[in-house]
Structures are given as C-alpha cells and as structure tokens.
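The values are calculated or read from the model by the stated rules, or taken from the named source; none is laboratory data. If you're wondering where the values come from, they're calculated on a predicted model, not measured in any experiment. Positions of Cβ are backbone-derived with ideal geometry, glycine not excepted, and every protein chain shown enters the neighbour counts.
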Amino acid sequence: MKSNTIKQIIICIFIIAIVGVGAFYIKDYLAPTYDNESDYGKDAYAYNEFQITNVTTEVLIQRYFQDFKYKVINSPKEAYDLLSNNSKNNFSDYSSFLDFVNKKMDKIVDVSVKQYTVQGNSKNPTYIVIDQYGNQYTFSCRAVLIYEIDIKYSSNF
C-alpha cells in the first residue's frame, strides 16, 4: 500500500513538472519579445498616429477637382449623383451623361484647374473652378469632400 502511494506521489510530481514546463514554454512562445525597452509598443502606435498638416486653399480645391475627375473617369454613376439638379437637367438621364463622358473622355483625362475663386463661409464654402477649356465647376461643400457640383460647359469643350 505504501509503495502505491509513493508511486502516485511521484506520478503527480512528474505531471505537475511537465505542466509547469509546458506553461512556461507557452507563455514565452506567445508573449512578444522586444530587444530593449524603447522597442516596446513601437508597432502599437503606428496606426494611431497622425500628422498635422496645414492645407492651403489651392491644395484643397485641387483635391476637390481631382476627386470629381477621378469619379467621372472611374465611377461615372457616383459623379452623376454629385451633380446638382441644374447640371442633371443638361442630360436626359444617366445614360446620356455616360454617353457624354465617353465622347469627351480624351479631354476629361487632361482637364486641370486654371483658376479658382472662393465664396461663402468656412463651414460651407463654395469653390468656383475654371479649367483650361473654360468650363466652370461650382463645388458647394457641406463637409470635407461631401459636395454637390454644378457644371457649366463652355463651347470649347
């Protein structure tokens, strides 16, 4: 009887030792390792940092113009949805807008800002842009890059 109890105690000690070594191995395997204290958390903050940048009016207007141009070229439905009712009246429906875009694509790709003016207040500005063909784009902004656009095409386009 005594020998069975000693065997059971030895088996329990052996099992506890194996579980303990395994737990330490798993803890070290799963825990991140850093070479020194300055490396700790380097990756943790990479996605949460931001850089403050002052944006000039010219850069902002270029961004609005390029955003609309990108949508006309790559997602005409989104561009059509941004048009004011006045601009949509120039086309009978979306398909006629799409026909117009396809017919003028070579000019649309090359279009750029020639001059601009700013109207309104800083919360809801209106940017009036004229391209090299004389087309006038009026961006009525409700928030950053949330806008409605009214376009008056020149006869040169």
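Identify the residue in segment 55-81 that is in a helix (DSSP H, G or I) and β-branched (Val, Ile, Thr) and, among all such residues, is farthest from residue 103 (Cα to Cα). First the steps, then the outcome.
The first filter runs over segment 55-81 and keeps only residues in a helix (DSSP H, G or I), leaving 57-74, 76-81.
Imposing the further condition that a residue be β-branched (Val, Ile, Thr) reduces the set to 57, 59, 61, 72-73.
Details: 57: 32, 59: 29, 61: 26, 72: 12, 73: 12 Å.
Here the answer is 57.
Given 77, 71, which one is in contact with an Asp or Glu (Cβ under 8 Å, 6 or more places away or on another chain) and over 18 Å from residue 152 (Cβ atoms)?
Answer to the check: 71.
Give me a count of the residues in segment 68-83 that are of a type in the set (A, V, I, L, M) and within 17 Å of residue 144 (Cα to Cα).
3
For residue 122, all conditions in the list (1) loosely packed, with under 12 Cβ neighbours inside 10 Å; (2) in a helix (DSSP H, G or I) hold save one; what is the number of the exception?
Going through (1) loosely packed, with under 12 Cβ neighbours inside 10 Å; (2) in a helix (DSSP H, G or I) one by one, residue 122 breaks only (2).
For segment 87-106, how many residues are farther than 17 Å from residue 129 by Cα, in contact (Cβ under 8 Å) with a residue 24 or more places away in the chain and part of a helix (DSSP H, G or I)? Quick ask: steps written out before the conclusion?
Of the residues in segment 87-106, the ones farther than 17 Å from residue 129 by Cα are 88-106.
Okay, now just the ones that are also in contact (Cβ under 8 Å) with a residue 24 or more places away in the chain, so 90, 101, 104-105.
Then drop every residue that is not part of a helix (DSSP H, G or I), which leaves 101, 105.
Final tally of qualifying residues: 2.
Looking only at segment 84-99, which residues are hydroxyl-bearing (Ser, Thr, Tyr) and over 14 Å from residue 137 (Cα atoms)?
From segment 84-99, those hydroxyl-bearing (Ser, Thr, Tyr) are 84, 87, 92, 94-96; that's our starting set.
92, 94, 95, 96 - these are the residues of segment 84-99 that are hydroxyl-bearing (Ser, Thr, Tyr) and over 14 Å from residue 137 (Cα atoms).
Given 88, 7, 69, 77, which one is at pLDDT 75 or above, surrounded by 10 or more Cβ atoms within 10 Å (Cβ to Cβ) and farther than 30 Å from residue 115 by Cβ?
On the way: 88 fails: farther than 30 Å from residue 115 by Cβ; 69 fails: farther than 30 Å from residue 115 by Cβ; 77 fails: farther than 30 Å from residue 115 by Cβ.
After applying the criteria, what remains is 7.
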